[in-house]
Amino acid sequence: MKALRSVAEARAFRSASATASIGFVPTMGALHEGHASLIEHAVRENDLAVVSIFVNPTQFGPHEDFASYPRDEPRDLAFCERLGATMVFAPAVDELYPAGDATRVHPGPIGASLEGAARPGHFAGVATVLTKLFAIVRPEVAYFGQKDFQQLRVVQTVARDLRLDVRIVGSPTVRDPDGLAISSRNRYLSAEDRQSALALSRALLAAKDDWANGDRDPAKLRDRVARAASGPGVALEYISVADPITLEELARPADRAVISLAARIGKTRLIDNVLLGISLEKIQ
Ligand code: AMP
């Protein structure tokens, strides 16, 4: 399978399949089983499945890993083909950001907390590149992983506010058998880091058990996660117990919640979350 490189080629592909429904999976490549489940979701539900591979410079901070982000396009293309994707769009940076490019899409409060606070400008970069990609690919549906839950809510909100004609669907987090949420950055973990990292998913599972046993107090749930996630090699950055639609922190017991966390394990920054009292399909 060959990737389309130019915006013109991608637009021509869309025009040639004008009557087909397109399911779209935007990625930064280094594809893994998490991406595979999104691609399978898109293949299952649409006439055509389009995957983009683009390491988007505007969503990385100046001290983040844009330059060293893992890239392996030949492997990614074979991966997409094997899963039944119809087309891969893998443009160079100047195709999506032409000379003089200065326009940015700034999400509102939904992108201000958590990852938005920890990574200033990150969601403006995400919203900008996705707005461009949606305008080029013109999909009916685009699929996003629950793993990046705030990103899912940011994209849903941007699509609603800009009246973009695309449905944004969440797809469940894929985990390794030991519970660790799969991420392109897991490859940076040493064997010892990986053991430390398991505390994160374990802590979220513990909160899920507490919730199942009737615990609804956000402060208690946060404490439980903090205690269970703390351990050697884990530097917690934040733990949030928030409403899963607005992402506002819960001040009192509620019937639905999302618990999100970010932590540094060695030099690697990981995020994970669990949804409580509401199913992913209801997040729109
Ligand atoms: P990325 O290539 O990291 O930008 O991710 C592309 C898409 O894959 C995003 O919608 C992510 O949320 C999703 N994704 C990444 N890891 C996982 C995972 N472990 N399970 C489900 N979706 C994932």
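Below 8 Å between Cα atoms, with a sequence gap of 6+, how large is the relative contact order for the chain in percent?
Computed value for the chain: 17 percent relative contact order.
Could you work out the relative contact order of region 190-250, using alpha carbon pairs under 8 angstrom and six or more residues apart, expressed as a whole percent?
Relative contact order of region 190-250: 34 percent.
Can you tell me what share of the DSSP beta bridges in the chain is antiparallel? A percent to the nearest 5 is fine. Intermediate results must be reported in sequence, preceding the final value.
Working: 19 of 36 bridges.
Beta bridges within the chain, antiparallel portion: roughly 55 percent.
Relative contact order, percent, of region 1-61 when contacts are C-alpha pairs under 8 Å separated by at least 6 residues?
37 percent.
So if I take the centroid of the Cα atoms in region 83-149 and the same for region 215-284, what is the distance between those two points in Å?
When both Cα centres are located, 24 Å separates them.
How much net charge surrounds Ala251 when only the other residues with a Cβ under 14 Å from the Cβ of Ala251 are counted, with Lys and Arg +1 and Asp and Glu -1?
Around Ala251, the surrounding residues sum to 0.
Mind telling me which of Arg216, Arg187, Arg160 comes out most flexible in a GNM of the chain, alpha-carbon contacts under 10 Å?
Its mean-square fluctuation being the largest, the pick is Arg187.
With every protein chain in place, what's the accessible area of His32 (1.4 Å probe, Å², nearest 10)?
Number for this one is 40 Å².
On a straight-distance basis, which lysines could pair with Lys267 in a cross-link, Cα separation under 29 angstrom, same-chain partners fewer than 8 positions away excluded?
Correct list for Lys267: Lys147, Lys208.
Select from Thr19, Thr86, Thr246 the residue whose mean-square fluctuation is largest in a Gaussian network model of the chain (Cα-Cα springs shorter than 10 Å).
Maximum fluctuation in the GNM of the chain, among the listed residues, is at Thr19.
Can you sort Met28, Met1 by solvent-accessible area, 1.4 Å probe, largest first?
Working: Met28 35, Met1 65 Å².
Reading off the accessible areas and sorting them downward yields Met1, Met28.
Largest first, what is the accessible-area ranking of Lys282, Lys220, Lys267 with a 1.4 Å probe?
Listed by decreasing accessible area, they come as Lys267, Lys282, Lys220.
Once you list every other residue whose beta carbon is under 12 Å from the beta carbon of Gly121, what net charge do they have if Lys and Arg are +1 and Asp and Glu are -1?
0
Please find, in a Gaussian network model of the chain (springs between Cα atoms separated by less than 10 Å), the residue of Leu189, Leu261, Leu200 whose mean-square fluctuation is greatest.
Ranking Leu189, Leu261, Leu200 by mean-square fluctuation puts Leu189 first.
The values are calculated or read from the model by the stated rules, or taken from the named source; none is laboratory data. Just so it is clear, the model here is predicted, and its values are computed rather than measured. Please note: Cβ atoms are built from the backbone with ideal geometry, for glycine as well, and neighbour counts cover all protein chains shown. Keep in mind that these areas ignore ligands, DNA and RNA; they rest on the heavy atoms of the full protein, side chains included. Shrake-Rupley method; radii C 1.70, N 1.55, O 1.52, S 1.80 Å.
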